[in-house]
Every structure is written in C-alpha cells, then in structure tokens.
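The values are calculated or read from the model by the stated rules, or taken from the named source; none is laboratory data. Quick caveat: nothing in here was measured; it's all calculated off a predicted structure. All Cβ positions, even for glycine, are placed from backbone atoms using ideal geometry, and neighbour counts span all protein chains on display.
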Amino acid sequence: MKELADVALNAAQSAGAEYADIRISRHRQQSLSAREDHVESVRDTESFGFGVRVLVDGTWGFAASSRVERETIAQVARRAVATAQANRPARRRPVELVDAPAHVGAWRTPIETDPFEVPLAEKTDVLLAANAAAMTVAGAKYCMSWMTFQNERKFFANTDGSAIDQDIYRTYPCLSVTATDPATGKFETRRADVAPRGMGYEHVRQADLVGLAPRMADQAVEKLHAPSVEPGRYDLILHPSNLWLTMHESLGHPTELDRVVGLEANFAGTSFLTLDKLGAFRYGSPVVNFKADRTLPTGLATCAYDDDGVETTEWPLVRDGILVDYQTIREQVLWPEYRRARAAAGLPEVRHSYGACYADSWSSFPFQRQANIHLEAGRDPLTPEELIADTERGIYIVGDGSFSIDQQRRNFQFSGQVFYEVRDGKIAGMLNDVAYQAQTPEFWNACDAICDERYWKMGGTLNCGKGQPPQAAKMSHGAAPARFRQINVLNTRRKV
C-alpha cells in the first residue's frame, strides 16, 4: 500500500500539487433481515478503490478510481491536479491547512468476533428465533428483525509523511414488532432500543434479540390500548434511547463549523450557533455539558486517525451550559473568522484540528462530519427512579421516533417509541400519540437534572446524511436519563 501511495503522491507533486493525500480502501457491508418465519433478504456488498486529494494554489482537486494499479494511480493523481486547476476560478477562499504531525501506524476496532466470519446460518437462526419469540405474545401480528455489519479497511498517506492503516467495524442488530386490534383495525409498532455500535459480532450476542422480543411485543400491544395524550406542558424525562437523536439534530449539526459560517446547507440548513455566540451564548442550563469524542470506546465515529490523517481526540462543545467550541478539520482551524471569534471570546488560540474529517467511500471527498457527541452524566448520584419520584406531572419517553427541525436547527419536534405518564412521582401507565416541541436553547435551558454515569448509554446512526452529493456518516451520542421542565407536548393523532 505504501508503494502504491508513493506513486500517487509523487505524481501529484510532479504535476504541481503543494499537498496531496491518498486513501486506498475497501468497504464491505452485510445485511440480513427476517420477517416472521422466513428470511427476507441477505445482501453482501463490497467496494474497493482509491481517491486522491490535492491542493494546488489553495484549491482542492479530487479524483478516484476502482482500478488500484500503479499506472492508473498516477493518472488519477494527475487528474486530481487538473481538477484543482480547473476549480481555481471558482475558489471563494484559499485553502490553508493547519500543521499536523506525520503519523505512521495502524489501528483496529477492538472486536472480539469478526462478524463476517460468523456463518450465515447462525445469524439467520437468531433472527428467526427472535421473531418466533415475539409472535408468542397475544396480539403480536408481525415481527421483522435484522442485522447490519460494516467494515472499512483503509490506508491513508499524505505528503506530510503519514502512512496509516485502519480497520474499522460496526454492528447493528435490531427488531421491530407490530401489534394489531382486529376489532378496530388499529396497529402499533415497537422497535427495540438497540443502537449500532463500533463492535464485532459480540454486540449481537449482548443485545439478546430473542430475550428482547417478547417485551417489545408486550409494549406494542400495550400501545394499542394506551390513552392519547392531552396536549400541554409537561416535565419530560428522556431516556438516552430518545435523547440521542435530539442531541444529534439540535447540538451535533449546529456545531459543525462549515454550517456555522454558511458554507454548508445541505440536509436541513446552516446553524443558529453563529460565531458571535462563541464563549458567551447560554446554550443550556449549568448542568448541561457536551463533549465531542472520536476516541470513545465502541463509538460509531471512533477511530485513531481521521481522513485528514489527524490523530483523533475529545474536546468540549458546551461547558456549564455555555457554547465553547465547534467541530473542526484541518482547513477550518485557520479560518480568520473562527480565529477572531475565539480571540473575542477570550478563548485560547487553537493550532490543531479536532480530527472530524470523514469520507464514506474511497470515491468520496472527505469533509467535516460529526464526532461522537455526548451529554455528560450528572455529577451527583441520581437514579432514574429518584428522578421520576421527584416529578409531579410528566412524561417518561423511551426510544426514538419521527422528528422535524428547521433550517437553522432552532425549532424542533421529536417523538419516541413508548411514553409513560408520571403522576405524583410514580409511573401511572402508558400514553400514546406524544411529541414534544421546543426551541433548542429553551429546551436545553429547561434541563435541571441528569442521572449519574451508571445510567449513561449510547444511541447512534449509521446513515447521517450531509453534503452534495450526499454522504452517509456514522456517529454515536451518549447520555443518561435527563429531565426537562415544562416542555410543550403535542398530540400527534389530533387533527388541527
């Protein structure tokens, strides 16, 4: 790989590039699904190729090919330089990369069992057994279960001297149960709260879909008969399986620096967290602390080096409720407006990237993507039971559902999987048709209590969209159950 990389880097520099890098990568995915008593699909896909990125006169150029051969690599490197030269008239600002040390090394997701080596029969047996367990519950009509396994094996090298080999795994097992009421024709679905993880097949075993299935079926049946919520203001207690998505949309995307400065608007727009707010804006209450972390164990965005060749790290985004930083890559750190904003806020000068660069394929141009972002657990001991006991009128929400958010990530609406009424400090039964609506700062400033680290869990996604053409990135978001005072609750079934 190093010899092939040198062909690209030498060809690019000979053609006039002041900087060049190459990613040679194989992307493999296996997906299985089963419905009731039969396997519905088994898919194996694999893609192998390379992409060369160059800087010429402060302008990016990129080219890629699936023909990983010396002659083709040299041709593609020269094509990337030609593309940069053609892009020069449209350049809005010269690209300048902050210094980054060279790294030579290798990293692998610390998995126990390679999921691609587990026999298909073993996997499909688990799916069918989970479906069968769900269908033993009276009222359960349909059950679908699935597994997705991903592997990225990529070699990165650049003209700074880096040569990095990484082998990244991700696993996602889950199931969904639908219950029906023949008398009314009504149906309800409950999807299990199993999140994808940066793990091997051991995640499937730990998830225990067979053991989960009857409980999910019971809850789907219970939803059929749950009363519809009365709209109004409630104290919300949000489980991590719900809160991860709210964090992703209302904190993860708004702190992407390219959205902040208006250079990215695909997939729900820019950001209300503009640079004038850095260091001063009260994003949340004093108990709200957010960190970005690409080193988090089992996180979906976890790796040792990003696609700029930068060593990954963790850093604060919100500290004691105040916005203190954004997510950055090498070319963003030296943006004058970012540096001025930090100076105006009295924050120390940053002279390094936070390692948030990612491309979803060898054929994709790498750009800034979300890290694993988490809400830190409460500092004082607090259990979910104690949080419920301290709430007079509220709703406890578990699992993620539908959502919407505006073009600056300020106004949003989120639903969930199951909803429990909290009355006088006790769970009073299940509700249905619940969605909560708020403005982002209003919502996070209403957070007055977070359970401690014993109850901290991660959610996440394998397909966060961004860019044009769109790319799908993977990231995890962790939290402990948290309470939000007096949030507006809507009834999703009621007609206006």
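Could you check the range 299-328 and list, in sequence order, the residues that are in contact with a helix residue (DSSP H, G or I) (Cβ under 9 Å, 6 or more places away or on another chain) and within 30 Å of VAL287 (Cβ to Cβ)?
Correct list: LEU317, VAL318, GLY321, LEU323, ASP325, TYR326, GLN327, THR328.
If I filter the range 403-451 down to residues being of a type in the set (Asp, Glu) and assigned to a strand (DSSP E or B), which single residue comes out as surrounded by the fewest Cβ atoms within 10 Å (Cβ to Cβ)?
Applying the filter and picking the extreme gives ASP448.
Each row is one residue, and each column tells you yes or no for (1) within 21 Å of GLN417 (Cβ to Cβ); (2) surrounded by fewer than 20 Cβ atoms within 10 Å (Cβ to Cβ); (3) acidic (Asp, Glu).
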| position | (1), (2), (3) |
| --- | --- |
| ALA90 | no, yes, no |
| TRP107 | no, yes, no |
| VAL126 | no, no, no |
| CYS143 | yes, no, no |
| PRO182 | no, yes, no |
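Please find, among ASP258, ASP218, the residue that is assigned to a helix (DSSP H, G or I), acidic (Asp, Glu), more than 30 Å from ARG379 (Cα to Cα) and touching an Asp or Glu at 6+ places or on another chain (Cβ under 8 Å).
After ruling out the rest, the residue left standing is ASP258.
Out of ASN131, ASN151, ASN87, which single residue is in contact (Cβ under 8 Å) with a residue 12 or more places away in the chain, within 30 Å of GLU337 (Cα to Cα) and not aliphatic (A, V, I, L, M)?
Only one candidate qualifies: ASN87.
Could you tell me which residue of the range 96-122 is farthest from LEU263 (Cα to Cα), considering only residues that are in contact with a strand residue (DSSP E or B) (Cβ under 6 Å, 6 or more places away or on another chain) and among the β-branched types (Val, Ile, Thr)?
Going through the qualifying residues, I end up with ILE111.
Considering the range 221-232 alone, what residues qualify as being assigned to a loop (DSSP other than H, G, I, E, B) and either among the acidic types (Asp, Glu) or closer than 13 Å to GLY139 by Cα (or both)?
If the condition is that a residue be assigned to a loop (DSSP other than H, G, I, E, B) and either among the acidic types (Asp, Glu) or closer than 13 Å to GLY139 by Cα (or both), then GLU230 is the only one that fits.
Please determine, by comparing only the residues of the range 74-103 that are of a type in the set (Gly, Ala, Ser) and over 29 Å from the mean Cα position of the chain (by Cα), which one is modelled with the lowest pLDDT.
This residue is ALA90.
Could you tell me whether HIS248 is outside the structural domain of PHE156 (by TED's automatic domain parsing), surrounded by 24 or more Cβ atoms within 10 Å (Cβ to Cβ) and closer than 22 Å to GLN413 by Cα?
No, not satisfied.
Show the residue pairs meeting these rules: Cβ distance below 9 Å; 6+ apart or different chains; first residue within the range 434-449 and of a type in the set (Phe, Trp, Tyr); second residue in a helix (DSSP H, G or I) and crowded, with 19+ Cβ neighbours inside 10 Å.
Pairs found: TYR436/THR246; TYR436/PHE443; PHE443/THR246; PHE443/SER250; TRP444/SER250; TRP444/LEU251.
For (1) buried (at least 17 other Cβ atoms within 10 Å of the Cβ); (2) modelled with pLDDT of 95 or more; (3) in a loop (DSSP other than H, G, I, E, B), each residue gets a yes or a no:
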| position | (1), (2), (3) |
| --- | --- |
| VAL287 | yes, yes, yes |
| PRO297 | no, yes, yes |
| TRP315 | yes, yes, no |
| ARG339 | no, yes, no |
| SER353 | yes, yes, yes |
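Show the residue pairs meeting these rules: Cβ distance below 7 Å; 6+ apart or different chains; first residue within the range 104-120 and of a type in the set (Val, Ile, Thr); second residue part of a loop (DSSP other than H, G, I, E, B).
If the second residue must be part of a loop (DSSP other than H, G, I, E, B), the pairs left are VAL104/SER162; THR109/GLY198; ILE111/MET199; ILE111/GLY200; THR113/GLY200; THR113/TYR201; VAL118/TYR201.
Would you mind telling me which numbered condition in (1) surrounded by fewer than 17 Cβ atoms within 10 Å (Cβ to Cβ); (2) of a type in the set (A, V, I, L, M, F, W, C); (3) modelled with pLDDT of 95 or more; (4) out of contact with any helix residue (DSSP H, G or I) (no Cβ under 9 Å at 6 or more places or on another chain) VAL496 fails?
Going through the list (1) surrounded by fewer than 17 Cβ atoms within 10 Å (Cβ to Cβ); (2) of a type in the set (A, V, I, L, M, F, W, C); (3) modelled with pLDDT of 95 or more; (4) out of contact with any helix residue (DSSP H, G or I) (no Cβ under 9 Å at 6 or more places or on another chain), VAL496 breaks only (3).
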